[in-house]
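The values are calculated or read from the model by the stated rules, or taken from the named source; none is laboratory data. Quantities reported herein were computed from a predicted structural model and do not represent experimental measurements. Heads up, the Cβs are rebuilt from the backbone with ideal geometry, glycines too, and the neighbour counts pull from every protein chain shown. All accessible areas refer to the heavy atoms of the entire protein, side chains included, with ligands and DNA or RNA removed. Shrake-Rupley method; radii C 1.70, N 1.55, O 1.52, S 1.80 Å.
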Amino acid sequence: MAYVYDDQNIFAKILRAEIPNTTVYETEHTLAFRDIAPKAPDHVLVIPKGPYVTFDHFCQAASDEELTDFFRASGEVCKMIGAAADDTALGFRAITNAGQHGVQEVPHFHLHILSGRPLGRMVEATD
Ligand code: AMP
């Protein structure tokens, strides 16, 4: 199975600093920034810096170092925005959309972290 990465996607442009972003957290392999159209008071996107199209692509093709870095960074973001679901905070939702059925708009793998309000049920019925 082939994953074809389009290096003209908007997050690739953010990583090349061709367009601005509001960075929340950055490491060697990972960037976290605020979503331009937030769906909750806090809505952060966490992306690997490598050219991965979807979550499954990232899980299959990324190095152990990239995988660890990405998930540790995601944990830091939860702490930084006060969303960590420990006994002091109200929790969050982490979502990743992939492909056509997942309604993925930007073909660079990203994890949405949403918090700051009750988020409702996970998936609405479409039929
Ligand atoms: P998805 O549908 O999962 O691919 O989500 C793409 C997300 O990227 C949407 O929530 C958009 O609001 C967000 N987005 C698109 N362009 C930008 C941008 N330039 N900076 C930050 N977020 C963006």
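Can you tell me which residue is nearest to the ligand (Cβ to nearest atom) among those in region 1-14 that are surrounded by 10 or more Cβ atoms within 10 Å (Cβ to Cβ) and of a type in the set (A, V, I, L, M)? Steps first, please.
Here is the first cut: in region 1-14, the ones surrounded by 10 or more Cβ atoms within 10 Å (Cβ to Cβ) are 3, 5-7, 9-14.
Still in the list and also of a type in the set (A, V, I, L, M): 10, 12, 14.
Values: 10: 5, 12: 11, 14: 6 Å.
Only one residue fits best here, namely 10.
Quick check on region 81-100. Is at least one of its residues within 15 Å of the ligand (Cβ to nearest atom), closer than 17 Å to residue 21 by Cβ, open to solvent by 50 Å² or more (accessible area, probe 1.4 Å) and free of Cβ contacts under 8 Å to residues at least 60 places away in the same chain? No, region 81-100 contains no residue that is within 15 Å of the ligand (Cβ to nearest atom), closer than 17 Å to residue 21 by Cβ, open to solvent by 50 Å² or more (accessible area, probe 1.4 Å) and free of Cβ contacts under 8 Å to residues at least 60 places away in the same chain. When each of 106, 46 is tested for being assigned to a strand (DSSP E or B), aliphatic (A, V, I, L, M) and under 23 Å from residue 6 (Cα atoms), the lone residue that passes is 46.
Among the residues of region 15-59, those that are near the ligand (Cβ under 8 Å from one of its atoms), without any contact (Cβ under 8 Å) to a residue 24 or more places away in the chain and open to solvent by less than 60 Å² (accessible area, probe 1.4 Å) comprise 19, 21, 33, 37. Look at (1) at pLDDT 95 or above; (2) part of a helix (DSSP H, G or I) and you find that residue 79 fails only one, number (1).
Screening residue 71 with (1) over 26 Å from residue 2 (Cα atoms); (2) surrounded by fewer than 15 Cβ atoms within 10 Å (Cβ to Cβ); (3) among the aromatic types (Phe, Trp, Tyr) gives one miss only, at (1).
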